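Report on one structure; see the data block that follows.
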Amino acid sequence: DIIKEISGLNVLENELKEKLQIKDVIVVAGDSDQFPWVKKELGRACVKRIKSSLTGNNIVAVNGGTTLADIAEMMTPDPKNKEILFVPGRGGLGEQVENQANTICAKMAERASGNYRLLHVPDVVSNETYQTMINEPSIREVLELIKSSSIVIHGIGDAITMAERRKTAPDDVKKIIDGNAVAEAFGYYFNEDGRVVHKVQTIGLQLEDLANVEHVIAVAGGASKAMAIQAYLKQAHDTLLITDEGAAKELIRG
Ligand code: F6P
C-alpha cells in the first residue's frame, strides 16, 4: 500500500525475503524493543493476514509469549462471519498465565467471536506422563484438532532469554549453551544454522507437524531478536514472517 511505499518498508520486505530466502515477509514500522506499541502493529498485521487466509476449515493454533498476547488484543470479529475455532499450539511452557497459549487462545476467540478448546496439560512432562496423557480421550481430541489446524501463529524468542524466562533446569541450560542455541520457538532451541540442539518435551504441536499446515505465521520483532529470527527461518522457508523495522534493519546489516 501507499504508506509502505512512502516509508520504504516494501523495500525492506523485498531485501529481507531475498536475504532469508523465505516466501513472504511483512515489515511494520518501528522497533518493538524500543516502543511497546509496535507489538500491537505486529498484531494488527497478523490479524489482517489471518482474516485473509480464512477458508472453510478454520482451525487456528496459537502459541504463547508477549507478542502473541498482543496479537490477541488486536483481534476483531471476521466481517464475513466465517467460523473460526482457536486452539492452543502447546501446553504452558513455563510462561506467566497471561502469556500462555491457553489464555491467548481463549482471548483471541472471545475477540473474534469464535470458539475455542483448551489443552489442560502441565508445562513440561516426564516421558511416562507424556504417554499416558496423550492417550487420554479429552486430550487426544484437542490434539487432533491442533494437528489439523489450517493456520498456526507462533512467536520466536532469543534462546537464552527464553531459557531464563522459563526457569529452565541447570542441565538443560548447559545443553542450550553448549549447543550454541540462539533461537527458540515452541519448545525447540536452534543454533545459528537452524539445527535443533535441545527440545522441551511438551504436549501439542511438534516441529514436524508444521509441514502439514497450510499457513504458518511467525511473529517476532525488535532488533534484539534478529539473530533468533534468522536462525529459526533457516529451517522454515515456507513460514510467513511478520516482523518490525528494528529487526529487519538489523537482519539486513547482519
Ligand atoms: O513460550 C512461548 C513462546 O512462543 C516461545 O516459543 C517464544 O520463544 C516466545 O514465546 C516469544 O515470546 P515473546 O513474544 O514474549 O518474545
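Computed over neighbours whose Cβ is under 13 Å from that of Gly221, the net charge equals -3, Lys and Arg +1, Asp and Glu -1. Gain on full extension, evaluated as 0.36 nm per residue between Ile252 and Glu5 minus their Cα-Cα distance, stands at 87.1 nm.
Remark: C-alpha extents of the chain on the principal axes read 55, 49, 29 Å, sorted largest to smallest.
Each peptide in 222-229, 198-205, 72-79 was scored by the mean count of other Cβ atoms within 10 Å over its residues; highest first, the order is 222-229, 198-205, 72-79. Over all other residues within a Cβ to Cβ distance under 12 Å of Val142, the charged ones net out to +1, with Lys and Arg as +1 and Asp and Glu as -1. Approximating the spin labels as points 7 Å out from Cα along Cα→Cβ, the Gln201-to-Thr129 distance works out to 1.0 nm.
Expressed as a rounded percentage, what relative contact order does the chain have, with Cα pairs under 8 Å and six or more residues apart? The normalised contact order for the chain reaches 25 percent. A DSSP coil position with no more than 10 other Cβ atoms inside 10 Å describes the following trypsin sites (Lys or Arg not before Pro) in the stretch 49-93: Lys80. Cross-link partners for Lys51 among the aspartates and glutamates, with Cα-Cα distance under 18 Å and sequence neighbours closer than 8 places in the same chain left out: Asp1, Asp24, Glu41, Asp70, Glu73, Asp78, Glu83, Glu110, Glu214. Excluding same-chain neighbours fewer than eight residues apart, the lysines reachable from Lys19 by a Cα-Cα span under 26 Å are Lys4, Lys39, Lys40, Lys48, Lys225, Lys234, Lys249.
The packing ranking of peptides 55-67, 26-38, highest mean first, is 55-67, 26-38, where packing means the average number of other beta carbon atoms within 10 angstrom of each residue.
Modelled label positions at Gln34 and Glu110, each set 7 Å beyond Cα in the direction of Cβ, lie 3.4 nm from each other. Ranking Ser113, Leu241, Ile151 by how far each Cα lies toward the positive end of the dipole of the chain (charges on Cβ) leaves Ser113 at the top.
The sum of -39500 (n - 2.57) across all DSSP H runs of n ≥ 4, divided by the residue count of the chain, sets its helix-only mean residue ellipticity at 222 nm to -12000 deg cm²/dmol. Note on Arg140, Arg253: ascending count of other Cβ atoms within 10 Å places them as Arg253, Arg140, the fewest first.
Coordinate-derived values only; no laboratory data. Here the structure is a predicted model, which is why all the values come from computation and not from measurement. Virtual Cβ from ideal backbone geometry, glycine too; neighbours counted across all protein chains shown.
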